[in-house]
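Worksheet: one structure, shown below.
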Amino acid sequence: MAPSLKKKRFQFETRLGRSDRSPLAIWFWELDRVLLALILTLIAIGLIAVAAASPVTALRHSTGSVSLDPLYYFYRQLGWVIIGIPVMLVVSMLPKEQARRFAIIAAVVTFALLFLVPIFGKTVNGAQRWIGYGFATIQPGEFLKPFFAVTLAWLLSLRVKDSSLPVISLSFVMTGVVALLLMLQPNLGQTIMFCGVWLVLMMISGLSLRLIAGLGITGIVGLVAAYFFYPVATQRINAWLFGGDEFDQVMLAHNALTSGGMLGTGPGLGTAKFKVPEAHTDYIFSVIGEEFGLLACVAIALVYLAIIVRVFLRLLDEENNFIILASGGLTALFGGQALINMAVNLQLFPSKGMTLPFISYGGSSILALSLGVGLLLAFTRRNPYLDHSLYVTNGMVTR
C-alpha cells in the first residue's frame, strides 16, 4: 500500500474510531448495516405474523386425541430464526472470493439433490418436492435458488475475460434442466423464479435488447404452452380466470386481507383468518391485513422495496462485474418472490404456493433465505480504506 494511502487509512480509522483491525471489527465496518437492519425488521415482522397465524393451522392440524398448542408453529418458527440469523451472519463474514466458491460448490450439491427428488422425494399435498427424513427433510429447489443465481452470475462474468466463451448457451441449458426437474415435481412457481432470475441476469450482463425481447416472447409462448400441455398450470390458471377450489382459496385470503380495513382488527382478534388455507405460509399476508390493517401491508411492501433500492444504491459505483451480477440476481430472487406472494394474496396472480420471504412459516425457507441474504451481505460489503475517492484534508475525510 502506498505511504499516502496508509496515511489516509490511519487518519480515517482514528477519526471514526475504527482502530480495531480484528476480523470481526473489519466485518462490522464493511457490512451494510442498513441492509441488515431492514432484513432483521422483516424477520421480526415475520415472527409476529406467524404468531397471529399459528392458531389457525394448529387448530386445523389438531385431532381428537392430539391438540396442538395455539402457538406451536410460532415456537417452531422462532427455533428456525434462532438458527437462521447466525447462519446469515456467518456467511456474510466470508470474503467475496470464498463466498463465490461456497455458492458454486453448494449449487452443485443442491443440484444433485434436485435430481434425487423424483427418485427418493417425499410427496406432500400432491407435490414431490422434499427429500430426507423427519427433522432433516429439506426442499432442494428452495436451497438451490440463491446458489444458482450466484453460479449464473459467475458464468456470465466470464464473458468480460473472454467473449468467445459459450456462457450464455451454457446458462440457458442449466436453467432449462432445473426448470424441467421442477416441473416434474410439480412446482410452477419455482420454475418461474429460476427462469425470471436468468432473464434478469441476461439483462444486467448487457444482452442486446433484440435478444431480450426474443427471450420475453419465448417466455410468453412457454406460459401459453404450459397452459395447454401442463395440467398444473391449466388447473391454476383456469381457477384464477373462471373460479374453482384454488380460486376459492385465494378469494378467502383476499377477504381476510381486506376485512380488517386500514388499521386491522387487532392482534389475535381476526376471525376471517380461520377460513384461510395455509394461513401461516402462502397466505400469511392476508392474516397481516386482517389483524394489523392495510397500512401494515403497505409498510411491509415498502420494506421490501427499501431492500431492493438499498442494494441498487450500493452497486452504483461497483466496478466488479461478478459482484453486480450476483447481487442483482439475489435481489431479483428476493424481491420477485415477495412480489408474487403479495400479488397472489391480492388476486392479481394465480396461486403459486410461494412463501413471503422471512415472514411466512417454514424451516427450509428461513434457512435458504438466510444463506441467500448472507451471500448478498457478503457481496455488498465495502472497504472504505481502499476507496481511492476518499481524501483527507486537514484531518477531515472528504470525497
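Quickly run through the stretch 159-193 and pick out the residues that are in contact (Cβ under 8 Å) with a residue 40 or more places away in the chain and assigned to a helix (DSSP H, G or I).
Applying the first criterion (in contact (Cβ under 8 Å) with a residue 40 or more places away in the chain) to the stretch 159-193 yields 159-160, 178, 181-190, 192-193.
Residues satisfying the conditions are ARG159, VAL160, VAL178, LEU181, LEU182, MET183, LEU188, GLY189, GLN190, ILE192, MET193.
Scan the stretch 73-80 and give yes if some residue there is modelled with pLDDT under 95, charged (D, E, K, R), within 30 Å of PHE285 (Cβ to Cβ) and in a helix (DSSP H, G or I), otherwise no.
yes
Could you check how many residues of the stretch 203-216 are in a helix (DSSP H, G or I) and without any contact (Cβ under 8 Å) to a residue 40 or more places away in the chain? Outline the logic, then answer.
Filtering the stretch 203-216 down to residues in a helix (DSSP H, G or I) leaves 203-204, 209-216.
Among the residues that remain, those that are also without any contact (Cβ under 8 Å) to a residue 40 or more places away in the chain are: 203, 209-216.
Of the residues in that region, 9 qualify.
When the residues of the stretch 202-212 are narrowed to those that are small (Gly, Ala, Ser) and modelled with pLDDT of 75 or more, which ends up nearest to GLU318 (Cα to Cα)?
Step one: of the stretch 202-212, the residues small (Gly, Ala, Ser) are 205-206, 208.
Remaining after also requiring modelled with pLDDT of 75 or more: 205-206.
Values: SER205: 14, GLY206: 16 Å.
Among those that are small (Gly, Ala, Ser) and modelled with pLDDT of 75 or more, it is SER205.
Within the stretch 288-310, can you find the residues that are without any contact (Cβ under 8 Å) to a residue 40 or more places away in the chain and over 17 Å from ILE43 (Cα atoms)?
GLU290, GLY293, LEU294, LEU295, VAL309
How many residues are closer than 30 Å to ALA58 by Cβ and either surrounded by 15 or more Cβ atoms within 10 Å (Cβ to Cβ) or of a type in the set (Lys, Arg) (or both) if we restrict to the stretch 79-120?
7
Out of all the residues in the stretch 27-49, which are of a type outside the set (Asp, Glu) and not in a helix (DSSP H, G or I)? First the steps, then the outcome.
Let us first name the residues in the stretch 27-49 that are of a type outside the set (Asp, Glu), namely 27-29, 31, 33-49.
Hit for the stretch 27-49 is LEU31, nothing else.
Which residues, taken from the stretch 13-43, are at pLDDT below 90 and in contact with a helix residue (DSSP H, G or I) (Cβ under 6 Å, 6 or more places away or on another chain)?
We begin by selecting, within the stretch 13-43, every residue at pLDDT below 90; these are 13-30.
ARG18, SER19 - these are the residues of the stretch 13-43 that are at pLDDT below 90 and in contact with a helix residue (DSSP H, G or I) (Cβ under 6 Å, 6 or more places away or on another chain).
Being at pLDDT below 85 and in contact with a helix residue (DSSP H, G or I) (Cβ under 7 Å, 6 or more places away or on another chain): is that true of SER171 here?
Values: at pLDDT below 85: no; in contact with a helix residue (DSSP H, G or I) (Cβ under 7 Å, 6 or more places away or on another chain): yes.
No: the conditions fail for SER171.
Working only within the stretch 38-78, note down all residues that are touching a residue at least 60 places away in the same chain (Cβ under 8 Å) and basic (Lys, Arg).
Within the stretch 38-78, ARG76 is the sole residue that qualifies.
So which of GLY196, GLY219 is part of a helix (DSSP H, G or I), within 23 Å of the chain's Cα centre (by Cα), surrounded by 13 or more Cβ atoms within 10 Å (Cβ to Cβ) and modelled with pLDDT under 75? Even if it seems obvious, please write down each step before you answer.
Details: GLY196 fails: modelled with pLDDT under 75.
After applying the criteria, what remains is GLY219.
Check ALA149, ALA153 and return the single one that is in contact (Cβ under 8 Å) with a residue 12 or more places away in the chain, more than 24 Å from GLN185 (Cβ to Cβ) and assigned to a helix (DSSP H, G or I). Quick ask: steps written out before the conclusion?
Details: ALA149 fails: more than 24 Å from GLN185 (Cβ to Cβ).
From the options ALA149, ALA153, the qualifying one is ALA153.
If the requirement is being in a helix (DSSP H, G or I), touching a Gly at 6+ places or on another chain (Cβ under 7 Å) and either closer than 21 Å to ALA279 by Cα or acidic (Asp, Glu) (or both), which of these qualifies: ALA58, ALA52?
Values: ALA58 fails: touching a Gly at 6+ places or on another chain (Cβ under 7 Å).
The unique qualifying residue is ALA52.
Please find, among SER54, SER65, the residue that is of a type outside the set (Lys, Arg) and surrounded by 12 or more Cβ atoms within 10 Å (Cβ to Cβ). Write out each step before concluding.
Working: SER65 fails: surrounded by 12 or more Cβ atoms within 10 Å (Cβ to Cβ).
Answer to the selection: SER54.
For (1) under 17 Å from ILE39 (Cβ atoms); (2) buried (at least 24 other Cβ atoms within 10 Å of the Cβ), each residue gets a yes or a no:
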site: ASP317; (1), (2): no, no
site: ASN320; (1), (2): no, no
site: SER327; (1), (2): yes, yes
site: ALA332; (1), (2): yes, no
site: GLY335; (1), (2): yes, no
site: VAL344; (1), (2): no, yes
site: PHE349; (1), (2): no, no
site: PHE358; (1), (2): yes, yes
site: GLY363; (1), (2): no, no
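For the stretch 160-174, check the following and say yes or no: at least one residue is among the hydrophobic types (A, V, I, L, M, F, W, C), surrounded by fewer than 20 Cβ atoms within 10 Å (Cβ to Cβ) and closer than 28 Å to SER360 by Cβ. Break it down into steps so the answer makes sense when it comes.
If we filter the stretch 160-174 for residues that are among the hydrophobic types (A, V, I, L, M, F, W, C), which is where we start, we get 160, 165, 167-168, 170, 172-174.
Going one step further and asking which of them are surrounded by fewer than 20 Cβ atoms within 10 Å (Cβ to Cβ), we end up with 160, 165, 167-168, 170, 172-174.
Then keep just the ones that are closer than 28 Å to SER360 by Cβ; that gives 174.
The answer is yes; a qualifying residue exists.
The values are calculated or read from the model by the stated rules, or taken from the named source; none is laboratory data. Fair warning: this is a prediction, and the values are worked out from it, not measured in the lab. Because the Cβ atoms are built from the backbone with ideal geometry, glycine has one as well, and the counts that use them run over all protein chains shown.
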